[in-house]
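Enquirer: Let me give you the structure first, and then I'll get to my questions.
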Amino acid sequence: MFIALLMFLFTVLCVFLIIAVLIQQGKGDMGLGGLGGGSQMLFGGSGGQEFFQKITWVMGAIFIMGSLGLAILKSKHLETSRAKVTPASRQMTQPKQQQPSEQK
């Protein structure tokens with residue numbers, strides 16, 4: 001349950017990271033940054049791009065740490081779930097082979 005919640009939050013972070021990257025004005029004319037030229041007035045003349053760059057760097061760092069953390073948690077979760085299956089329970093689930101009967 002905890003891992004599912006973290007994966008949901010990680011997915012939301014990914015969507016916000018994609019939006020933050022697309023909003024930024026690129027060095028060329030690509031991206032959605034050129035469409036929202038009037039929105040820069042809200043953050044000032046050049047302060048808006050620095051603001052979005054800082055947000056993108058922070059979300060990128062959280063993305064990297066989150067992906068590593070989820071990988072570690074998932075591997076530990078798999079190890080504990082494999083440990084629950086003991087060799088004795090494996091023997092019970094395997095069908096017994098019938099030995100051929102001896103004929104006299």
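Enquirer: Does Phe43 satisfy being at pLDDT 90 or above and surrounded by 12 or more Cβ atoms within 10 Å (Cβ to Cβ)?
Expert: It is false that Phe43 is at pLDDT 90 or above and surrounded by 12 or more Cβ atoms within 10 Å (Cβ to Cβ).
Table: residues versus (1) of a type outside the set (Phe, Trp, Tyr); (2) modelled with pLDDT of 70 or more; (3) in a helix (DSSP H, G or I); (4) surrounded by fewer than 11 Cβ atoms within 10 Å (Cβ to Cβ).
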{"residue": "Gly66", "(1), (2), (3), (4)": "yes, yes, yes, no"}
{"residue": "Lys76", "(1), (2), (3), (4)": "yes, yes, yes, no"}
{"residue": "Arg90", "(1), (2), (3), (4)": "yes, no, yes, yes"}
{"residue": "Lys96", "(1), (2), (3), (4)": "yes, no, no, yes"}
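The values are calculated or read from the model by the stated rules, or taken from the named source; none is laboratory data. This structure is a prediction, so every number in the text was calculated from the model and none was measured. Virtual Cβ from ideal backbone geometry, glycine too; neighbours counted across all protein chains shown.
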